[in-house]
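Here's the structure, in structure tokens; my notes come after.
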Ligand SMILES: Nc1ncnc2c1ncn2[C@@H]1O[C@H](COP(=O)(O)OP(=O)(O)OP(=O)(O)O)[C@@H](O)[C@H]1O
Ligand SMILES: [Mg+2]
């Protein structure tokens, strides 16, 4: 890799705040590094990052994949390398170029239950696009599938989000263990989100992973979400923004 690209993947159990924190990371990076190339990837087929960032998605990675597969089936004889560069071209075309960052959504394949093809594609795309960007933030799918399938293999910073529940911290523990073998990360850390009672912090343990930040439950954040506002509407010192900043500082990204 010619650039010293930082690829930040956000993972964890469902509903713990992955999308909120990924969006906060994107905002913080755009503010800190206005001259750098920043890419946000929504890798969750259930979608969400676009809303949090206020981005309108026109064509997804899965749409591109399908139309390229179709052109091959219709008899176009082309080399793999050519297909990949076409994909790259189309991805650039698709990426919503906000003023401050680019955006790509994986999309939702309609074949019931199987995301393997688009996940395999996503893995290539992460490798491919990382040459063109300085920072890539990936809002991952809930759970461990994308780690297991090595979609996140080339990630440099793995940030695991949990709520204070044991179930959440156990998922962090599991992801970390699997990631040790399957992700070539430089650094890994955890963020505990939606803490209702600070007195319970001493009871929150994550095995073998440093906790980068504790984020209190923030009713303003929830209200923001309900009103369909974006991360750019949050006050700079809101708990989620502060916690996300703390995590990036500890990871030496900010
Ligand atoms: N610190 C917080 N305080 C209050 N509400 C929060 C906080 N963090 C996130 N939320 C709210 O919790 C809900 C889930 O958050 P979010 O969508 O970011 O989680 P997720 O991990 O991406 O979920 P999923 O697994 O469904 O993708 C949202 O309604 C969000 O507004
Ligand atoms: Mg999400």
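For the peptides 148-158, 47-57, the ranking by mean Cβ contacts within 10 Å, running from highest to lowest, is 148-158, 47-57. Working ranking of peptides 160-173, 95-108 by packing, defined as the average number of other Cβ atoms within 10 Å per residue, highest first, is 160-173, 95-108. What translational diffusion coefficient, to the nearest whole µm²/s, does the range 98-211 have by Stokes-Einstein, given a Kirkwood radius computed over alpha-carbon pairs, a temperature of 25 °C and 0.890 mPa s viscosity? Reported coefficient: 157 µm²/s.
For the chain, the relative contact order works out to 29 percent when only alpha carbon pairs closer than 8 Å and six or more residues apart are counted. Counting only alpha carbon atoms, the long axis of helix 116-129 and the longest principal axis of the chain meet at about 90°. Distance distribution P(r), the range 8-71, all Cα-Cα pairs, bin width 5 angstrom from 0: 3, 14, 24, 21, 17, 12, 6, 2, 0 percent.
Across the range 6-250 the C-alpha pair distances fall into 5 Å bins from zero in the proportions 1, 6, 14, 18, 20, 16, 12, 6, 3, 2, 1, 0, 0 percent. Packing here is the average count of other Cβ atoms within 10 Å per residue, and on that basis the peptides 213-220, 233-240, 198-205, highest first, run 213-220, 233-240, 198-205.
Compared with the dominant Cα axis of the chain, that is its longest principal axis, helix 61-73 is turned about 20°. For the pair the range 93-108 / the range 224-254, the C-alpha centres are spaced 20 Å from each other. Looking at the chain alone, DSSP beta bridges between its own residues are antiparallel in about 5 percent of cases.
Taking the longest Cα principal axis of the chain as reference, the axis of helix 166-182 is set at about 40 degrees.
Only Cα sites of the range 144-254 enter the Debye sum here, all with the same form factor; the resulting log10 I(q)/I(0) across q = 0.23 1/Å is -1.25, listed in q order.
Values quoted throughout were computed directly from the atomic coordinates according to the rules given, and no laboratory measurement underlies them. A quick note: this is a predicted structure, and the numbers were derived from the prediction, not measured. FYI the Cβ positions are ideal-geometry reconstructions off the backbone, even for glycines, and counts take in every protein chain you see.
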